[in-house]
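Visitor: Handing you a structure now.
Readers should treat all values here as calculations from the given coordinates under stated rules, not as data from a laboratory. From a predicted model like this one, the values you see are computed outputs, not experimental measurements. Counting neighbours? That spans all protein chains shown, and the Cβs are built from the backbone with ideal geometry, glycine included.
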Amino acid sequence: MTRRTNAGFGAIHWVAVLICCLCAAPALASDGRWRLSIEGHQAFVFGEAFLGGGVRMRWEAVIEFRVRQGQYESGSGRARWIEPAEPISRPEGWFDCRQVEGSYLDSNLRLHETPRVRFAAFPVAGAVSNGRVTLDPGYEPPGNYLAVTYGCETDEPAADNWFGFAERGKQVLGKRQDVETQHDGDRRSARIREVASLPPEGALDLPLRDGWAFSQGSDDSDRAVRFMLRRLE
């Protein structure tokens, strides 16, 4: 009877040792909190590359997530625009443009004030495999976007084709614009409500490496995006 009891204690002892070893397993190199910063700007232009006016809006999106024992645990994101809006004139000095107050109806016929980010906060699913992480924002098409209202005007006689070029540019580029225009002699003015997508526009796959960075576009581009991944702990 004593031998059976000792054998039982021995089995319990080895189970306890195994549990302690598992608990004391060293953290993997990928473990911890991470932050993916995505920043850039978007030009909202009524017109074409050589004839038009608008505003440039700066924005940022930040995703924070946690990895535990090499597995993706949880994540969340947030997005916002950054004031002030920068005026755009093409050619320079022809158009006087600025961000103005406005509103728009979303697909559910809800009225919103502009500027507005569709999802200021959102959940982020993910997975870790082979030194890479996949981040999948928890929203459906049309995804996240920034809605802006801006106004432009000009007294430049040579801009008489502005409205026609702007409408053609909208059709070619498929811009989501809603425009009200006025024409009085050489004076032309437009009030534009426009929507542009914000990243992440879908799932992201990137190396899980502290300091990883990637960029698209430049300061002069209509759209620029910069990615930076940092480990927080």
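Visitor: Let me know the whole percent of all Cα-Cα pairs from the chain that are separated by more than 31 Å.
Guide: 42
Visitor: Enter the angle in degrees (range 0 to 90, nearest 10) between the Cα long axis of helix 162-173 and the first principal axis of the Cα atoms of the chain, meaning the one along which they spread out most.
Guide: For helix 162-173, the angle is close to 30 degrees.
Visitor: Further question on the same structure: Only Cα pairs within less than 10 Å get springs; with that Gaussian network setup on the chain, which residue of ILE192, ILE38, ILE82 has the largest fluctuation?
Guide: ILE82
Visitor: Please find, in a Gaussian network model of the chain (springs between Cα atoms separated by less than 10 Å), the residue of ASN130, ASN108, ASN161 whose mean-square fluctuation is greatest.
Guide: Highest fluctuation among the options: ASN108.
Visitor: State to the nearest 20 debye the size of the charge dipole of the chain about its Cα centre, where the only charges are +1 on K and R beta carbons and -1 on D and E beta carbons.
Guide: Value, rounded to 20: 1700 debye.
Visitor: Measuring from label point to label point, each 7 Å out along Cα→Cβ, what is the GLU86 to LEU173 span in nm?
Guide: 1.6
Visitor: Right, here's the next one. Against the longest principal axis of the chain, how steep is helix 2-23, in degrees 0 to 90 to the nearest 10, with axes from Cα atoms?
Guide: That helix lies at roughly 20 degrees to the long axis.
Visitor: If you don't mind, another one. On the first, second and third principal axes, largest extent first, how far apart are the outermost C-alpha atoms of region 108-233 in Å?
Guide: 64, 35, 26
Visitor: Most fluctuating residue of ARG68, ARG35, ARG80 in a GNM of the chain with Cα springs under 10 Å: which is it?
Guide: Looking only at ARG68, ARG35, ARG80, the biggest GNM fluctuation is shown by ARG68.
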